[in-house]
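Everything below concerns the one structure shown next.
The values are calculated or read from the model by the stated rules, or taken from the named source; none is laboratory data. Just so you know, these numbers come straight off a predicted model, no measurement behind them. Cβ: placed from backbone, ideal geometry, glycine included. Neighbour counts: every protein chain shown. For the accessible areas, the whole protein counts, side chains as well, though only heavy atoms, and no ligand, DNA or RNA atoms are used. Shrake-Rupley method; radii C 1.70, N 1.55, O 1.52, S 1.80 Å.
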Amino acid sequence: FFGLSPSLNFTVTDKLGGANIVFESSGSTPAKQSAVRVARSRGTILLVGTSPRDVSFEASLFERISRKELCLLGSWMNYSAPWPGKEWETAVWLLDKGHITDKNIVTHEFGLKDSQKAVDILNTNSEPYIKIVYHP
């Protein structure tokens, strides 16, 4: 899981040869660049975070994408400009007034020692889930 702490990310990924899947959810350019650095060969980088400005990669980092055959995937999130946007304001208002609830969205929560259970549920669909939260 990318984003816990830079020192932890690099220590774990160095021992494993890189991460198979990297989730970048902040939208910041340095985080996107770090995601490329920690992904293992033929790994996947899921770009979730919306960048507030142009993103650029130095030539050597861009070459790393090609040489490691990395797969960069974009993930559409419900972002509306200008932030926070009408959809977000409406959702917050609905939650605040009690017209909708978020109580049933999180169906599972796991700590570090049970992280494999979370992965197993995702991989096997052994039980229904909506949102699985991981607490490191």
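Observations on the model:
- Amide H to amide H, with H built 1.01 Å from N, I45 comes under 5 Å of V22, C71, L72, L73, counting only residues 5 or more places away or on other chains.
- Ranked from largest to smallest solvent-accessible area, with a 1.4 Å probe on the protein heavy atoms, E87, E24 come out as E87, E24.
- The heavy atoms of D54 offer some 140 square angstrom of accessible surface to a 1.4 angstrom probe.
- Around E69: net Lys/Arg minus Asp/Glu count, Cβ-Cβ under 14 Å: +4
- Heavy atoms of H99 accessible to a 1.4 Å probe, total area in Å² rounded to 10: 120 Å²
- Of the residues Y134, Y129, the one with the largest accessible area comes first in the ranking Y129, Y134, computed with a 1.4 Å probe on protein heavy atoms.
- Taking 7 Å steps out from each Cα toward its Cβ at R53 and R67 produces label points 2.8 nm apart.
- All aspartates and glutamates inside 18 Å of K86 as judged from Cα atoms, apart from same-chain residues fewer than 8 positions distant: D96
- For F62, the solvent-accessible surface computed with a 1.4 Å probe is close to 120 Å², ligands and nucleic acids excluded.
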